[in-house]
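**Student:** Please find one structure pasted underneath; my questions will follow.
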Amino acid sequence: MAGASISHKSKKPVLIILPPNGGNMDAISNALTSASVTDSGRSKKQTSKAKAVPARYFEEGTALNRILTESPYLARCSDNKTAALVRPREHAIRFPYMQINRREMVSWLIFDLDHANSLIWDDLGLPQPNLIVRNRVNGHSHLYYAISPVCTSEKARDKPIQYMKAVYSAFALLLKADPDYSSGPVAKTPGHPWWLTTELHDSVYELADLADYVDTQVSSWSKASKLEDLPESRHVILFEKLRYYAYSVVGQQREEGNFESFCRLLDTYAANINNFSRQEFQTGNLPLSSLRATVRSVSRWTWDKYRGTASACRGVMALDRLLPLKRRQSLAAARTHAVRQKATESKIRDACRLLHERGEQLRLISMAKEAGVTRQTVANYIHILSDAVMAPSDTSVRPQSVIKAPEHSVQGFPPKDRPFKTWSGSKRYHYGEQRNHDKNVKHAIHQITARSAAPVASPLEDSPGHDSS
């Protein structure tokens, strides 16, 4: 289905609406070309006073309607890229530039293409953007991708933000877009008469869906710029001084304050060192927006990741620092092993007690399931089972001298008349003789002689079809 190009009068926008699947690329290309030719005779741009607003802004389920609903209620807007005005979003959409994403929520990935190929995404096999907003004069454009909102506030989780940034950087690299644009906050207003707007579809992408088309591997950290190498860079000077100050106060703020108080300290310090005009910098002081961006970056990273030392915590056992490091590590490893072993043994003993109280048989599998460990782990602590069955009980018990082998051979096990042979100091019991058809048997049964309030099952009872009576 071919796209439709609608030419309006000079005070109305040109909006190309394509079918939900986006149509074929020939239709898109022809629609963009015809719309550009139709409107090429305009000698000057519209002013922001033009009241024409596309009706699709108010149609639920459309991409333009999502622009309106996801934008901030009081959005920045103007006739230029500074967007110095603040207006309600219903009025902001009448300006050629407006704030698309909220301050602490990103609902659109917007790519700034400084070249005329607004269909480069199709050449690269990337997914279709929801909106293409083109400059009528030079063909430069903004590509809008609707995504599930990602919170970017100070209390938001860092990993979704980093994931979104990785996807954005990978797309920007392939699309040859401005990597520092970062989705605004100010962008070309879709549907405004200054621009040629193409609406392809209204689907919302998940970040994982977009990540399938690109390589989002994070590159290795590069060495930071040294202050002495860039003495004329105000941003580097601010960043270097601010981060070292943050390192010095973050520990105290974690104990006595909170993240908000930590950010306030950095805000104050950044404002105090922003005196570049006094230091004879021709460009003067940094704007407030640069200070806030640097403070936000330094505060988040320092609060989440900086711990003041590159070494691991080695103070749990309070060992003498004069001991060699390897010796301290060896002692710590032995302690860790003992703690884990004690915890596992406690789990198995509790499992034995619970099974005993319920009157269930003490099988390895039952004990492992109750304790939340593997069967082999329970087998390594078989002495606990011996202690459990040897413990006296107040209830009536029946003597259980030997758990005999089955009367007949079952699944490769030897018959009754096969003698048992025990090895001193061993936890396993083996048969004294082997027959040809028993060569594949790797383990023998466990023989337990004890008194118990509950019947004790041998591992043979874990085999299907075995009669324990």
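The values are calculated or read from the model by the stated rules, or taken from the named source; none is laboratory data. Remember, predicted model here, so these are calculated numbers, not experimental data. Glycine also receives a Cβ, built like all others from the backbone with ideal geometry; neighbour counts cover every protein chain displayed.
**Student:** Could you please tell me which pairs satisfy a Cβ distance under 7 Å, a separation of 6+ or placement on different chains, a first residue in the stretch 259-274 that is among the acidic types (Asp, Glu), and a second residue that is modelled with pLDDT of 90 or more and in a helix (DSSP H, G or I)?
**Tutor:** Asp267/Val295
**Student:** Now for a separate question. Looking at the stretch 97-133, which of the residues that are in a strand (DSSP E or B) and of a type in the set (Ser, Thr, Tyr) is surrounded by the most Cβ atoms within 10 Å (Cβ to Cβ)?
**Tutor:** Across the stretch 97-133, the extreme among qualifying residues is Tyr97.
**Student:** Please verify whether the stretch 313-328 includes one or more residues that are under 27 Å from Gly184 (Cα atoms), surrounded by fewer than 16 Cβ atoms within 10 Å (Cβ to Cβ) and under 36 Å from the mean Cα position of the chain (by Cα).
**Tutor:** Among the residues of the stretch 313-328, not one is under 27 Å from Gly184 (Cα atoms), surrounded by fewer than 16 Cβ atoms within 10 Å (Cβ to Cβ) and under 36 Å from the mean Cα position of the chain (by Cα), which makes the answer no.
**Student:** What number of residues in the stretch 261-295 are over 22 Å from Ser182 (Cβ atoms) and either at pLDDT 90 or above or touching a strand residue (DSSP E or B) at 6+ places or on another chain (Cβ under 8 Å) (or both)?
**Tutor:** Looking only at that region, the number is 10.
**Student:** Would you check which residues across the stretch 335-372 are among the aliphatic types (A, V, I, L, M), surrounded by 12 or more Cβ atoms within 10 Å (Cβ to Cβ) and more than 15 Å from Asp387 (Cα to Cα) and list them?
**Tutor:** Result: Ile365, Ala368, Ala371.
**Student:** Against the condition crowded, with 16+ Cβ neighbours inside 10 Å, under 16 Å from the mean Cα position of the chain (by Cα) and in the same structural domain as Glu70 (by TED's automatic domain parsing), how does Tyr168 come out, does it pass?
**Tutor:** Yes.
**Student:** For Thr189, indicate whether it is out of contact with any Gly (no Cβ under 9 Å at 6 or more places or on another chain), on the phi < 0 side of the Ramachandran plot, of a type in the set (S, T, N, Q) and at pLDDT 90 or above.
**Tutor:** Spelling it out, Thr189 is indeed out of contact with any Gly (no Cβ under 9 Å at 6 or more places or on another chain), on the phi < 0 side of the Ramachandran plot, of a type in the set (S, T, N, Q) and at pLDDT 90 or above.
**Student:** Take the residues in the stretch 329-382 that are basic (Lys, Arg) and part of a helix (DSSP H, G or I); name whichever of them is nearest to Leu319 (Cα to Cα).
**Tutor:** If we take residues in the stretch 329-382 being basic (Lys, Arg) and part of a helix (DSSP H, G or I), then Arg335 is nearest to Leu319 (Cα to Cα).
**Student:** Among the candidates Arg94, Arg66, Arg87, single out the residue that is of a type outside the set (Asp, Glu), outside any loop (DSSP other than H, G, I, E, B) and touching a residue at least 60 places away in the same chain (Cβ under 8 Å).
**Tutor:** When all the criteria are applied, what remains is Arg66.
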